[in-house]
Structure formats: structure tokens, C-alpha cells
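For reference, the structure discussed in these notes is given below.
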Amino acid sequence: MTQQNQSDKNKFLYPRSRYYGQVKPENLVFNANLQEFAQKVGYITNLETNGKLDPEDAYGQIKALWKQLKRSKEELGIAQEPPA
């Protein structure tokens, strides 16, 4: 497969949306992690819906992904903003 075809395939399978929030390195990294989390959850739910994955396995995988996302937020030092 040529490099262009591989790039097109990756863009199709792993689309990235533009970030519109406050531009800081930690926000950009967290946004990328959040988009990856959403994509993986989508794949897991589709596999479970189509009977390819047991509901308990799907739940466990999503729970592990959630913990990983939460840990990345803490490591990046992104604190919850107080309500206005």
C-alpha cells in the first residue's frame, strides 16, 4: 500500500476534529485523548451491538478506557473550572 493510500485510510478510520477551545498544550493533548476515547468506545459498542463482544467485556473495556482518560486529565493538570 502506498503512503498516500495509508494516509487516506488512517484519516478515514481515525478522523480528527478541529479543536476550538483555549489553545494550551495540555488542552490539545487532552482533546486528542478524548477523541481517541470516543472512537474506541464507538468501536466497542458496535462490536457489542453486533454480538461480536460480550456485554460484560464491552463494559470492562469502556471502564478501563474511562480510567485511562481520567488519569490523563489528572496528569495533564486540567482542573475542573468552577461554575460561573
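A compact table of results
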quantity: Whole-number percent relative contact order across the chain, with pairs defined as alpha carbons under 8 Å at least 6 apart; calculated: 29 percent
quantity: From phi via Karplus (6.51, -1.76, 1.60), per-residue ³J(HN,Hα) for segment 6-15 in Hz, x at Gly/Pro; calculated: 5, 5, 4, 4, 5, 5, 6, 6, 10, x
quantity: Set of lysines near Lys73 by C-alpha distance (under 24 Å), chain-local residues within fewer than 8 positions excluded; calculated: Lys24, Lys40, Lys63
quantity: FRET efficiency estimate (nearest 0.05) - Cβ-Cβ, Arg71 to Val23, R0 22 angstrom; calculated: 0.45
quantity: Over the chain: Rg over Rh, Cα atoms, Kirkwood Rh; calculated: 1.06
quantity: Test item: Cα-centred dipole of segment 22-76, Lys/Arg +1 and Asp/Glu -1 on Cβ, debye; calculated: 180 debye
quantity: For segment 67-79, Karplus couplings with θ = phi - 60° (6.51, -1.76, 1.60), whole Hz, Gly/Pro x; calculated: 4, 5, 5, 4, 5, 5, 5, 5, 5, 7, x, 8, 9
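Quick note: the coordinates plus some simple rules give every number you see, no bench work behind them. As the structure is a prediction and not an experimental result, all values here were calculated from the model. Using ideal geometry, Cβ is built from the backbone for each residue, glycine included, and neighbour counts are taken over all protein chains shown.
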